[in-house]
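J.: Here you go, one structure.
Throughout, read-outs are computed from the coordinates displayed, never taken from laboratory work. Computed from a prediction, not measured in an experiment: that's the story for all the values here. Every residue, glycine among them, receives a Cβ derived from its backbone with ideal geometry; neighbour counts consider all protein chains shown.
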Amino acid sequence: MLVDKFGRVIDYLRISVTELCNFKCRYCMPEDNQFNNIGRDNILSYEEMFEFVKICLDNGVKKVRLTGGEPLVRKDIQKFVKMINDYKPGLDLAMTTNGYYLKQKAKELREAGLKRLNISLDTLDAKKANFLARKEVLSYVLAGIDEAVNEGFVIKLNTVALRGVNDGELIELLEFAKSKNAQIRYIEFMENTHAASDLKGLKKDDILEILSKKYSIKEITKSPNSPSSLFVTSDGYKFGIIDPHKHDFCASCNRLRLSADGLLIPCLYYEDGQSIKEAMRARDYTKAREILKAVLDAKPEKNKWENDGKGEISSRAFYQTGG
Ligand code: SAM
Ligand code: SF4
């Protein structure tokens, strides 16, 4: 079992399989992003990542999520899904994606053993989607969502709530998610040095205030390790709000992150990490386990965001860590 020094059991591994992305979302990266931070030779191969996944699964990890960058731009991602699923068929195996390539990929991902999909959808307005992603994306994303539903995936929709951008659409987005039998999770915008500086996020209370104009809402008990507060409307629809500006999910954090170039990261809002790349390339799995232990020992008790949102702005790029 993987346990950190605060006694938290770590059973959830998130892997950013690539930092590359076909979008350039304003809250995630600058317009002139060159994606040249890592370099091709430094990306772990699927085999190298898989050997590390096996170490984690053999030590009690029960959930693996593939993210990015955009995981569907990495070639043959379904092969990696299949490698992991074949090793532990009952595993909770999920992916976070912008949905653009799901129309083409949903079927093979399902066949490879992927079980759940979180799809990012910030707006139902094509112009706003174009503004946010800096590319015409909405029709592709919506087609991708439909394909995922057709393939029988359990889906969640991730919506970053932004003042003056999609605050007028939060109800419409909830209704859309409901129509697809999906849970929507509004995410507070997390300030970081790569995001456009003029974006202003809505906080949990702002989101609830907007939704309360249409629904009567009750907070309910969330699943123990989820970063998302859970709510239910009077007609029984459940939705979430992820508010990292509060520390209250840190106490039950069960996550560990691996970046595409092999950096093992104990906390999204914390600058440190240690690389397993050389150990995996040398097939020195004893060393990899030692690094894993050191990273768990370094997992901070709380993320460094302040309740008032005025904490130090993170320089960690979401497109490298996978959010
Ligand atoms: N490309 C995939 C996608 O967009 O779903 C996966 C990677 S993306 C970094 C993972 C999640 O992080 C997405 O749901 C995205 O909306 C969210 N995200 C990115 N930057 C964010 C920010 N500054 N604040 C809050 N959420 C952010
Ligand atoms: Fe790409 Fe996802 Fe970042 Fe948007 S949020 S730029 S889709 S990695």
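J.: Considering only residues that are more than 15 Å from ligand 1 (Cβ to nearest atom), in a helix (DSSP H, G or I) and of a type in the set (A, V, I, L, M, F, W, C), which ones fall in the stretch 38-72?
T.: Met49, Phe50, Phe52, Val53, Ile55, Cys56, Leu57
J.: Only one of (1) away from ligand 2 (no atom under 12 Å from the Cβ); (2) in contact with a Phe, Trp or Tyr (Cβ under 8 Å, 6 or more places away or on another chain); (3) of a type in the set (A, V, I, L, M) fails for Ala133. Which number is that?
T.: (1)
J.: Is at least one residue of the stretch 70-92 within 16 Å of ligand 2 (Cβ to nearest atom) and out of contact with any helix residue (DSSP H, G or I) (no Cβ under 9 Å at 6 or more places or on another chain)?
T.: There is at least one residue in the stretch 70-92 that is within 16 Å of ligand 2 (Cβ to nearest atom) and out of contact with any helix residue (DSSP H, G or I) (no Cβ under 9 Å at 6 or more places or on another chain).
J.: Exactly one of these conditions fails for Leu230: (1) touching a residue at least 60 places away in the same chain (Cβ under 8 Å); (2) in contact with a Gly (Cβ under 9 Å, 6 or more places away or on another chain). Give me its number.
T.: Single failed check for Leu230: (1).
Residues checked against (1) within 12 Å of ligand 1 (Cβ to nearest atom); (2) surrounded by fewer than 16 Cβ atoms within 10 Å (Cβ to Cβ); (3) in a strand (DSSP E or B):
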position	(1), (2), (3)
Phe6	no, yes, no
Cys21	yes, no, no
Cys25	yes, no, no
Phe80	no, no, no
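J.: Starting from the stretch 16-31, keep only residues that are within 6 Å of ligand 2 (Cβ to nearest atom), then list their pairs with residues that are of a type in the set (Ser, Thr, Tyr) whose Cβ atoms are within a distance under 7 Å, requiring at least 6 positions of separation or different chains.
T.: Cys21/Tyr319; Cys28/Tyr319; Met29/Tyr319
J.: Check Val61 against each of (1) farther than 23 Å from Ile187 by Cα; (2) without any contact (Cβ under 8 Å) to a residue 40 or more places away in the chain and name the one condition it does not meet.
T.: Condition (2) is where Val61 drops out.
J.: Among the residues of the stretch 141-165, write down those that are closer than 22 Å to Asp243 by Cβ and part of a loop (DSSP other than H, G, I, E, B).
T.: The answer is Arg163, Gly164, Val165.
J.: What about Lys115, is it within 22 Å of Ile184 (Cα to Cα) and either surrounded by 21 or more Cβ atoms within 10 Å (Cβ to Cβ) or more than 15 Å from ligand 2 (Cβ to nearest atom) (or both)?
T.: yes
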